[in-house]
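The values are calculated or read from the model by the stated rules, or taken from the named source; none is laboratory data. In this text the structure is predicted, and so the values were computed from the model without any measurement. Cβ placement follows ideal geometry from the backbone for every residue including glycine, while neighbour counts extend to all protein chains displayed.
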Amino acid sequence: MKDLPIGIQSFKKIREQNFYYVDKTPFVKKLERGGYYFLSRPRRFGKSLFLDTLKEAFSGNKELFHGLFLYNNWNWNKKHPVIKISFAGGNFTTPENLKIKIHENFLNLQREFKVNLTYPSYSGKLSELIYLLYEKYNERVVVLVDEYDSPILDAIENIDYAKENRQILKDFYSILKDSDPYIQLVFLTGVSRFSKVSIFSGLNQLNDITIDPEFSTICGYTQNDLETVFADRLKDFDKEEIKRWYNGYSWLGEKVYNPFDILLLFDKKTFKPYWFETGTPTFLIKLFKQNKYFLPKTENLKVGEEILSNLDIDNIRVENLLFQTGYLTIKELIEDSTGRIYILSYPNFEVKKSFNNYFLANLIPDPTVKTETDLEIKSALKNNQIEKLPEILHTFFASIPYDWYRKNDLESYEGFYASIVYALFNGAGFDVVAEDTTNRGRIDLTITYNNKAYIIEFKVVEDQPEKSALHQIEEKKYYEKYVGKYEEICLIGIEFSKKERNIVDFEWKKIEDMEIK
């Protein structure tokens, strides 16, 4: 049994020692002719390892590829000097920190190639280095940039700093166009797809392969990878449970697993949100509050090309960040004469459950409240005690601090209450469908569990109950969609008061209590 390459981004180390490796070298072959490429993938998806694989291939280190596709499919006689610049490590919350990191990159490159750079500016140093290496080795240069956008994303909560960092990077990359005669390949990776105008000014030839089907599995593990490369580890697990928890990321091609999740699962032998726990979407939650974002929309989000293609720090969109950071993925593509529409959704159970829990954790300062609410909701549904839900939900809403309602009118917004109930049931691990479509309208929430369906409708009233939420379910016969599919159907109408900022009415009845016409 081989070792698990957890956190290892060195291709050489993986190949020279006894580590598992999923062969991504067919994608290296696709880049042999050179050009200018950009790839966006969420954090911890194997971008750094792929860049290091590119470096070893273009450097001509043939023996590292023994047994891999590239070994017999590459011109090993031709070796290129490779400039690798990394922004993967470091803190870039200020422009000064970014300048220090760029300086450190150049010091390392000078030592590696034994050259002396004399130009004062960073762009000048990069231009000088490309030319010196071209002259020294008599071969065109390969330029690799890892996590090019970290300096912007790290400073995203301070827009002025983020803009300064953007300008520094724009100046830094600006020389690539003029250095084209000396360049074989440019390959940049990052989490976000910032506008070419704002970052890569003049690089009109930059080929964005982020959602190119030909490169859809360039990072991540496919189902076949899992069942072949990791066959000896997989035998100890339920394949369908692994798929439910961790599969589902898609960029218009075959779905893939996040490698970090799979490696940690095999190492720890327990299902946990390993990938999600490596990052905190604090800024996203702030945007949700500022924009009064309807959390259940994330279940089936429709966006156009303009949302998916570029992130603009002057006008940050929640949908854009959700997709590019990996909390949502492409579920479906709809094409017609007017263009492309992408349907986004959570990639898997890990992200859906964890993101909703994180949303709730930012609502309530005391984490024990969320944990206790989880346990009580699970117990109520497990024991079919719907009558306990009103008190459970009322207690949770009463725990939300007043600060959440300051300088906004969230208490009047039905989507705010619906988002919290949606997050509570998702976070508790139930199957939840938001805005569930029927032939008579949309159900606010449908929860299915233990061969039972719970149909929920929300209303916001000024003060006193109006008894209209449950009535709407009955009048529009939302339950018909589930008749005959579940042994029991429960209809739940919940009304919230703007004044009380809490539940003022909770009505429910089972389908057998009703006359079906």
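Some notes on this structure:
- Residues of region 214-231 classified as under 21 Å from the mean Cα position of the chain (by Cα) and either among the β-branched types (Val, Ile, Thr) or modelled with pLDDT under 95 (or both), total: 3
- Only residues that are outside any helix (DSSP H, G or I) and either more than 16 Å from the chain's Cα centre (by Cα) or not basic (Lys, Arg) (or both) were counted in region 303-323, giving 9.
- Tally, over region 152-167, of residues that are surrounded by fewer than 17 Cβ atoms within 10 Å (Cβ to Cβ) and assigned to a helix (DSSP H, G or I): 4
- The lone criterion from (1) buried (at least 21 other Cβ atoms within 10 Å of the Cβ); (2) of a type in the set (D, E, K, R); (3) under 19 Å from residue 396 (Cα atoms) left unmet by residue 444 is number (3).
- Of the residues making up region 324-343, those that are under 15 Å from residue 211 (Cα atoms), outside any loop (DSSP other than H, G, I, E, B) and out of contact with any helix residue (DSSP H, G or I) (no Cβ under 6 Å at 6 or more places or on another chain) are 324, 329, 330, 331, 332, 333, 334, 335, 341, 343.
- Filter result (of a type in the set (A, V, I, L, M, F, W, C) and surrounded by fewer than 23 Cβ atoms within 10 Å (Cβ to Cβ)) within region 329-356: 330, 333, 334, 341, 343, 349
- All strands (runs of 3 or more DSSP E) inside region 399-511 with 1 or more residues being at pLDDT 90 or above, under 34 Å from the mean Cα position of the chain (by Cα) and of a type in the set (Phe, Trp, Tyr): 441-449, 452-461, 488-497
- Residue within region 174-186 that is at pLDDT below 95, more than 25 Å from residue 48 (Cβ to Cβ) and not in a loop (DSSP other than H, G, I, E, B) present: yes
- Filter pass, residue 41 being of a type in the set (Lys, Arg) and crowded, with 22+ Cβ neighbours inside 10 Å: yes
- Scanning region 109-161 for residues that are of a type in the set (Phe, Trp, Tyr) and either in contact (Cβ under 8 Å) with a residue 60 or more places away in the chain or closer than 21 Å to residue 38 by Cβ (or both) gives 122, 148, 161.
- Helices (runs of 4 or more DSSP H) fully within region 219-284 counting 1 or more residues that are surrounded by fewer than 16 Cβ atoms within 10 Å (Cβ to Cβ) and among the small types (Gly, Ala, Ser): 231-234
- Checked against (1) part of a loop (DSSP other than H, G, I, E, B); (2) out of contact with any Gly (no Cβ under 7 Å at 6 or more places or on another chain); (3) within 15 Å of residue 426 (Cβ to Cβ), residue 347 passes all but a single condition, namely (2).
- Test for residue 123: is it outside any loop (DSSP other than H, G, I, E, B), over 16 Å from residue 48 (Cα atoms), at pLDDT below 95 and not assigned by TED's automatic domain parsing to the domain that holds residue 311: yes
- Test: residue in region 126-147 that is under 22 Å from residue 206 (Cβ atoms), surrounded by fewer than 19 Cβ atoms within 10 Å (Cβ to Cβ) and among the small types (Gly, Ala, Ser): no
- Cross-chain or 6+ apart pairs with Cβ under 6 Å, region 14-32 first and at pLDDT below 95, then surrounded by fewer than 17 Cβ atoms within 10 Å (Cβ to Cβ) and in a loop (DSSP other than H, G, I, E, B): 18/2
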